[in-house]
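The values are calculated or read from the model by the stated rules, or taken from the named source; none is laboratory data. Keep in mind the model is a prediction, meaning the values are calculated, not measured. Cβ atoms come from the backbone with ideal geometry, glycine included; neighbour counts cover every protein chain shown.
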Amino acid sequence: MNEIIEILLASVRDGYVQVSAFVAVTVLLFSLVQYRTNGALVERLSENERLQPLFGALMGLTPGCGGAIVMMPLYVRGTVSFGTVVATLIATAGDSAFVILALAPKAGLYAYAVAFVTAILSGYAIDRFGMGVGRIDRAVASFGRTATDGGFAADGPGNPGGNPSHDYEAGCETGTARTSSVLTPLSHAVHAVWWVSAAAALVLGVMYLLASAPDVPLALSPTFAGAFTVVGVTGTILSFYLYFVGRHYLGDGHVGRAPESFADGYATLTHAAMETSFVTVWVLAAYLLYEYGILVFGIDVGALATAAGLLAPIAGAVVGLIPGCGPQIVLASVYAEGAIPFSALTANAISQDGDALFPLIAIDKKAAIVASIYTTVPALIVGVLLHVLFGPMTGFGVLG
C-alpha cells in the first residue's frame, strides 16, 4: 500500500514539474504570438499548405512536448493537414531530449537530425501521395466511431478524396462562461495561483534537467526535493480544478482547440492554463498506467530495448509506441549507460510521440491511432538501416 501511494504522489508531482511547466511556456508563447498578430500566424499557416509539414517538424523538434502539443488542436480544427500531424509527431523529441542532450549531446543531435529529416519526408509523402492512409483510417474506423474529427489530408494516388476527410465544428472553439458568486471568483483566484506554481515549476524543472534528471525523493522540507514535491503536487491539484471545474467559469470551456486569436492578454493566459491543465490530466493518467503496469506486470522497458542485433532498433520503435515521456526517458538513460545501440535510440526518437499524442487521443482517437502507425513504420525502416549500415555504435556520443 505504501508503494502504491508513493507512486501516486510521485506521478502527481513529476507530471507537473517535468512536463506541464514546459508545456505551459510553449503554449503561452504560441498564444501570445496569436494574440499580438491577431491570428495572422495560424491564418498564414492555413493558407500555405506546402509549408505545413516543415513547420510541424520544426515545432516537434523543440525539446519537450510543448511545440508538438500546440499543433494537435490546429489539426482538430482543420487548419493543418494529417501529414503535418505525422511530421510533428515523428520529429517530437519529448522530455527524453533533455536527458540525452545532457548525457550524450552528440548522439542526441544526430538522432534528432535523422528524425527531423524523416519527419519532413514522411509528412510531405502523406500529403502528396496518401501512402495508404485512407485504407488504414477506414480499418481503424471499423472498430468504432470517434467523438470528434478534424483536419484534412491532400488528395493523391494513394489517398483519393483526401483522408482523414473530417469536418471541424467551428462552434466548438470557445465556451460561454457560467456565473457563480462563489465559483467564478474562486476560479479566477485558482487561475492566478496556478500561474505562480507554473513559474516555480519551470525553474525547478530546468534545475532538474541541468542536473541530468536525478531521482528526487518525496519530501516536505525546505530543500530542492521539498520544493519539487510541494510545487508539483499543488500544481497538479490546481490543474485538476481548472480542467474539471474552473474552465466553465473562465470562458474557455472547450479545451484541445486552437482559437483564431484572443480578446486580450488575460484570455491568452487563460487559454494557455486550460490547455496545460488538460494535458496535465492526461499525462498523470499515462504516468500512473505506466508505473502501475511496471509494478503489477513487471514490465522492464530497459530489458526490452537491450534486445540483441536487429531486434534492438525494433524494440526502440516499439517502446516509442507507448504514449508519454516516461518510457522514452528510461530508454535514453539506458542508452547513456551504453546498454543499447544508436540505431535503437534513433528508432525511438522517430517513433515516440511523447505527451503530444494525449490531446489527439482525447479528441480524435482514430486519428491518434493512425498517426501512431505512421510514426512507427519509418522508425522501423530507419532504425534497421542504421544498424545494418553502421553497426551497433553502442556508446556513441556518450560523455565520459
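Structure above, values below:
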quantity	calculated
Residue in region 339-371 that is surrounded by the fewest Cβ atoms within 10 Å (Cβ to Cβ), counting only those that are modelled with pLDDT of 80 or more and not in a helix (DSSP H, G or I)	364
Residue tally, condition modelled with pLDDT of 90 or more and of a type in the set (D, E, K, R), over region 9-30	1
Every residue from region 306-330 that is modelled with pLDDT under 80 and either under 21 Å from the mean Cα position of the chain (by Cα) or not aliphatic (A, V, I, L, M) (or both)	306, 309, 323, 324, 325, 326, 327, 329, 330
Selection status of residue 342, more than 22 Å from residue 132 (Cα to Cα) and within 16 Å of the chain's Cα centre (by Cα)	no
Selection within region 324-338 - buried (at least 24 other Cβ atoms within 10 Å of the Cβ) and either of a type in the set (Lys, Arg) or in a loop (DSSP other than H, G, I, E, B) (or both)	324, 325
Pairs, first under 14 Å from residue 199 (Cβ atoms) in region 14-37, second surrounded by 24 or more Cβ atoms within 10 Å (Cβ to Cβ) and aromatic (Phe, Trp, Tyr), C-beta under 8 Å, six or more apart	17/228
Pairs where the first residue, in region 378-398, is in a loop (DSSP other than H, G, I, E, B) and the second is among the charged types (D, E, K, R), C-beta under 6 Å, 6+ apart	397/106
Top-ranked residue of region 261-286 - restricted to ones that are more than 22 Å from residue 358 (Cα to Cα) and either assigned to a loop (DSSP other than H, G, I, E, B) or under 19 Å from the mean Cα position of the chain (by Cα) (or both), ranked as modelled with the lowest pLDDT	261
Of all residues making up region 153-206, the number that are exposed (fewer than 14 other Cβ atoms within 10 Å of the Cβ), farther than 18 Å from residue 17 by Cα, among the aliphatic types (A, V, I, L, M) and at pLDDT 50 or above	2
Region 345-397: number of residues that are hydrophobic (A, V, I, L, M, F, W, C), more than 23 Å from the chain's Cα centre (by Cα) and over 13 Å from residue 314 (Cβ atoms)	4
Those residues of region 48-71 which are part of a helix (DSSP H, G or I) and either at pLDDT below 85 or among the polar types (S, T, N, Q) (or both), in sequence order	52, 66, 67, 68, 69, 70
Region 9-24, subset aliphatic (A, V, I, L, M) and under 21 Å from the mean Cα position of the chain (by Cα), residue farthest from residue 277 (Cα to Cα)	10
Residues (under 30 Å from residue 188 (Cβ atoms), buried (at least 16 other Cβ atoms within 10 Å of the Cβ) and either among the β-branched types (Val, Ile, Thr) or without any contact (Cβ under 8 Å) to a residue 24 or more places away in the chain (or both)) located in region 208-236	229, 230, 231, 233, 234, 236
Matching residues in region 81-100 - criterion: being within 15 Å of residue 360 (Cβ to Cβ), touching a strand residue (DSSP E or B) at 6+ places or on another chain (Cβ under 8 Å) and either at pLDDT below 90 or not hydrophobic (A, V, I, L, M, F, W, C) (or both)	81, 94
Boolean, residue 66 is free of Cβ contacts under 8 Å to residues at least 60 places away in the same chain and surrounded by 24 or more Cβ atoms within 10 Å (Cβ to Cβ)	yes
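Quick grid of which residues meet (1) crowded, with 24+ Cβ neighbours inside 10 Å; (2) within 16 Å of the chain's Cα centre (by Cα); (3) not in a helix (DSSP H, G or I):
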residue: 78; (1), (2), (3): no, no, yes
residue: 97; (1), (2), (3): yes, yes, no
residue: 106; (1), (2), (3): no, no, no
residue: 111; (1), (2), (3): yes, no, no
residue: 121; (1), (2), (3): no, no, no
residue: 135; (1), (2), (3): no, no, no
residue: 140; (1), (2), (3): no, no, no
